[in-house]
Every structure is written in C-alpha cells, then in structure tokens.
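Worksheet for the structure shown next.
The values are calculated or read from the model by the stated rules, or taken from the named source; none is laboratory data. If you're wondering where the values come from, they're calculated on a predicted model, not measured in any experiment. Here Cβ is always computed from backbone atoms with ideal geometry, including for glycine, and neighbour counts include all displayed protein chains.
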C-alpha cells in the first residue's frame, strides 16, 4: 500500500488526547476528508477534525488523553494514496515528485530531487555527486513534470539564474 505523508504531529493539544498537526497539504481543511490516518504504520480512526490558523487538530480512536497524545509527538501522519484528495490539473503531491530526475530541456541531468520545502514559492533541493543544490519553483524555472517518466524538466537558463549551490 503506497502512502502519502500529509503532516507531522507537533504536540498534544489540551488534556483529552487531541493532537496538533502541521499539514503538508495545500490546506489544513484537507484533513476533514480523512476517515483514517497512519502513524508509524499504526492505523487510527479519525473521530474529529478542526482547523485553526493553518493547523489541523485531530482526535483519534485509541488516543484518550494527553499522555497518549504525547507519545505521538514528531510522528509523520500518512494516508493511503488511494484515499488522498484528487488534485487540480498541474498540482502534484510532494511524495510523487521526490526521487525524480531533474533535467534541462536539452536533456542534461542535473541531479535527483530529494526535498521540497513549502513556502510562498516552494524551494526544491536536488542532489548530485553528494552536493545539494537549492532552487525555487518560480515561474519559468519548472517547465514540465513528467510523472510517468519520473523526471522534472527545468529551463537551463532560469535554473542557472536562481540555483543556490
């Protein structure tokens, strides 16, 4: 079963077992569609979800109090890929992009995409020969996302302007 990482447990919230989750989705509201989540491979039924200030707050079956919630701190929240919300055209899950080859439009391989940091303009990290290169996914940099071929095509000229070694 292929899973997507959709968030990370930050801390317990209150004394009744609620957890505060930093979403890795476009919106914390996406958590309202999840009926179950997994933490370290353990399935939890979602009893309730609320959102505030960009965070998701979950009550999970089997997490009755603050002590139980504390044990979940720092864990990644995953959902089965098949249960993830459908995305708009031109939008992708980070998990689907990681590991892709980053190439120029001329076919030159620049490295492998290893990380994406979410920001106003996402920051992509690629690795080549043990070195990390960061670049923003700004307009004109990423030309094509080829999920089938496992490659991300970038403009050589724009990449050269914005990449940070």
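Just checking, does segment 82-93 include any residue being buried (at least 17 other Cβ atoms within 10 Å of the Cβ), touching a strand residue (DSSP E or B) at 6+ places or on another chain (Cβ under 8 Å) and either modelled with pLDDT of 95 or more or farther than 14 Å from residue 5 by Cα (or both)?
No, every residue in segment 82-93 fails to be buried (at least 17 other Cβ atoms within 10 Å of the Cβ), touching a strand residue (DSSP E or B) at 6+ places or on another chain (Cβ under 8 Å) and either modelled with pLDDT of 95 or more or farther than 14 Å from residue 5 by Cα (or both).
Would you be able to say whether some residue in segment 109-118 is farther than 21 Å from residue 6 by Cα and surrounded by fewer than 16 Cβ atoms within 10 Å (Cβ to Cβ)?
Scanning segment 109-118, I find at least one residue that is farther than 21 Å from residue 6 by Cα and surrounded by fewer than 16 Cβ atoms within 10 Å (Cβ to Cβ), so the answer is yes.
Is it true that residue 121 is in a strand (DSSP E or B), out of contact with any helix residue (DSSP H, G or I) (no Cβ under 6 Å at 6 or more places or on another chain) and either surrounded by 16 or more Cβ atoms within 10 Å (Cβ to Cβ) or outside the structural domain of residue 17 (by TED's automatic domain parsing) (or both)?
Answer is no for this residue.
So in segment 62-109, with the set limited to residues that are in a strand (DSSP E or B) and over 30 Å from residue 160 (Cβ atoms), which one is farthest from the chain's Cα centre (by Cα)?
In this case the residue turns out to be 80.
Can you find, within segment 30-61, the residue that is farthest from the chain's Cα centre (by Cα) among those that are in a loop (DSSP other than H, G, I, E, B) and surrounded by 12 or more Cβ atoms within 10 Å (Cβ to Cβ)?
Looking at the filtered set, the residue picked out is 61.
One residue is enough: does segment 110-118 have a residue meeting the conditions closer than 23 Å to residue 20 by Cα, outside the structural domain of residue 37 (by TED's automatic domain parsing), in contact with a strand residue (DSSP E or B) (Cβ under 8 Å, 6 or more places away or on another chain) and not in a helix (DSSP H, G or I)?
yes
When only residues in segment 1-29 that are outside any strand (DSSP E or B) and under 19 Å from the mean Cα position of the chain (by Cα) count, which is modelled with the lowest pLDDT?
1
What's the number of the condition residue 103 fails, among (1) touching a helix residue (DSSP H, G or I) at 6+ places or on another chain (Cβ under 8 Å); (2) in the same structural domain as residue 157 (by TED's automatic domain parsing); (3) at pLDDT 95 or above?
It is condition (1) that residue 103 fails.
What's the number of the condition residue 67 fails, among (1) modelled with pLDDT of 95 or more; (2) within 30 Å of residue 16 (Cβ to Cβ); (3) surrounded by 12 or more Cβ atoms within 10 Å (Cβ to Cβ)?
(3)
Restricting to segment 124-143, and then to whatever is outside any loop (DSSP other than H, G, I, E, B) and surrounded by fewer than 16 Cβ atoms within 10 Å (Cβ to Cβ), can you tell me which residue is modelled with the lowest pLDDT?
Here the residue is 128.
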